[in-house]
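Asker: Take a look at this one; I'll ask things after.
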Amino acid sequence: MTNRESIPKYLRLLTAVAIAGGLLFGCVSAQLTHLDPSFTPTALKDGALAIGGVAVTNGAEEITEREDASIVDYFEREMKARRPEIAIVKHSVIKTTLGEQASKMLPAAAMEEEIAPESMTALVGKGARYVAFVAVTYNTVDRYVTNNTDSRNVYDDNGKVTGRSTKYVTIAQAKRSVTAEYRIFDVMTGKRVWASNSSNSRSSSRIADSREGYPPAPEYGAPPTVSRVLRAMTTAAVKGLPAPEKETPQPVLPNIKTDPDP
């Protein structure tokens, strides 16, 4: 193994962004943390669900307005695609109805067990029965370097093994980890009726390799955005919403004809 400081400056490095979309760590699922008995599939279907916005808590890294908009947009699109029977009141409508300042304060209030019903009265006129929020409770970026080797046999023209070829790989990764709780409140009472918790991590990687030893680590790339990490979490949350039980299809019996008695 060659020491990094001893590698010649002219050593050719192959540096690239690896897996542009980032690496997905584990399977993303949503865990139900609260369910009010009144929040049934029928109740959810009968009243519109307003998308209230994004809140950041517990000292998690702040999120830009652009990312807020991306998170909300994906939430709305997932609801339309996976639960088309549920009417949606878009976040843009909430901002117009409540005003810029009030619509920004509403997600912060969603971190409590209840929201003052009078702060949401105007949403009733838009057909909303419930309002949903994404509360980001943990958001951090870790950067680290790992080394790997890729050794393969070398063959001559006759297919005989003549030796081994080793490539030394240095990987610089920027991993973002996010935890969020999806919360739904009854607009009329202000009470929290449903909550689901989810976590996910994704990373971006840059690679340098050499045939002579581990090369210096390349510069870290930009970590995946919060909105990108949240996508799988939002999908899991939407899938976890109360839904009617699917009917078990009844087996179709074959139409067997019998000959009449002679």
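Asker: Taking the Cβ-Cβ separation of Lys191 and Thr96 as r and a Förster radius of 25 Å, what is the calculated FRET efficiency to the nearest 0.05?
Answerer: Numbers: r = 25 Å, r/R0 = 1.01.
In this case the efficiency is close to 0.50.
Asker: Related question: I'd like the Karplus ³J(HN,Hα) series for segment 114-127: coefficients 6.51, -1.76, 1.60, θ = phi - 60°, whole numbers in Hz, and an x wherever there's a Gly or Pro.
Answerer: These are the phi-based 3J(HN,Hα) values: 9, 10, 4, x, 5, 6, 10, 3, 4, 6, 4, x, 9, x Hz.
Asker: Please report the relative contact order for segment 23-129, taking Cα pairs under 8 Å with a sequence separation of at least 6, and give it as a percent rounded to a whole number.
Answerer: Numbers: 79 pairs, mean separation 38.5, N = 107.
So the answer I get is 36 percent.
Asker: If each of Glu114 and Arg152 carries a label point 7 Å out from its Cα toward its Cβ, how far apart are those two points in nm?
Answerer: 6.7
Asker: From the square roots a ≥ b ≥ c of the eigenvalues of the alpha-carbon gyration tensor of segment 152-200, which class results: rounded (a/c under 1.5), prolate (a/b over b/c), or oblate? Intermediate results must be reported in sequence, preceding the final value.
Answerer: Details: a/c = 10.70, a/b = 4.60, b/c = 2.33.
Prolate.
Asker: Let me ask you something else. Give the aspartates and glutamates reachable from Lys239 as a straight Cα distance under 12 Å; neighbours fewer than 8 places away on the same chain don't count.
Answerer: Lys239 reaches Glu78.
Asker: Would you grab the residues whose amide H sits under 5 Å from the one on Ala48? Only those 5+ places off in sequence or on another chain, please, with H modelled 1.01 Å from N.
Answerer: Here the answer is Arg129, Tyr130, since their amide H atoms fall under 5 Å of that of Ala48.
Asker: Right, next: What pairs in Lys80/Lys126; Lys95/Lys191; Lys80/Lys104; Lys104/Lys175; Lys45/Lys191 have C-alpha atoms more than 27 Å from each other?
Answerer: On the way: Lys80/Lys126 18 Å; Lys95/Lys191 21 Å; Lys80/Lys104 24 Å; Lys104/Lys175 29 Å; Lys45/Lys191 18 Å.
Over 27 Å apart, Cα to Cα: Lys104/Lys175.
Asker: Let me ask you something else. How large is the translational diffusion coefficient of segment 69-204 in µm² per second when you combine the Kirkwood radius over alpha carbon pairs with Stokes-Einstein at 20 °C and 1.002 mPa s?
Answerer: Details: Rh = 18.9 Å.
The diffusion coefficient I find is 113 µm²/s.
Asker: Between Lys246 and Asn58, what FRET efficiency comes out of the Förster formula 1/(1 + (r/R0)^6) with R0 = 41 Å and r the beta carbon distance, rounded to 0.05?
Answerer: Details: r = 37 Å, r/R0 = 0.91.
Calculated value: 0.65.
Asker: Moving on to the next point. Taking every pair of alpha-carbon atoms in segment 123-189, what share in percent sits in each 10 Å bin, from 0 to the bin with the longest distance?
Answerer: 15, 19, 15, 14, 12, 11, 8, 5, 0
Asker: Can you give me the solvent accessible area of Glu219 with a 1.4 Å probe, rounded to the nearest 10 Å²?
Answerer: Rounded to the nearest 10, that gives 150 Å².
Asker: So what is the relative contact order for segment 96-225, in percent, with contacts set as C-alpha pairs under 8 Å and at least six apart? All intermediate terms of the calculation are to be shown ahead of the outcome.
Answerer: Details: 262 pairs, mean separation 34.4, N = 130.
Over segment 96-225, the number comes to 26 percent.
Asker: For a quick check: with amide H placed at 1.01 Å from N, whose amide H comes under 5 Å from Glu61's, ignoring anything fewer than 5 positions away on the same chain?
Answerer: Here Asn139 satisfy the definition.
Asker: Let me see the pair-distance distribution of segment 145-246: every alpha carbon pair, 5 Å bin width, integer percents in order.
Answerer: 2, 11, 13, 11, 10, 10, 9, 8, 7, 6, 5, 4, 3, 1, 1, 0, 0
The values are calculated or read from the model by the stated rules, or taken from the named source; none is laboratory data. Just so you know, these numbers come straight off a predicted model, no measurement behind them. All Cβ positions, even for glycine, are placed from backbone atoms using ideal geometry, and neighbour counts span all protein chains on display. The protein model used for the area step is the full one, side chains on, heavy atoms only, and it has no ligands, DNA or RNA in it. Shrake-Rupley method; radii C 1.70, N 1.55, O 1.52, S 1.80 Å.
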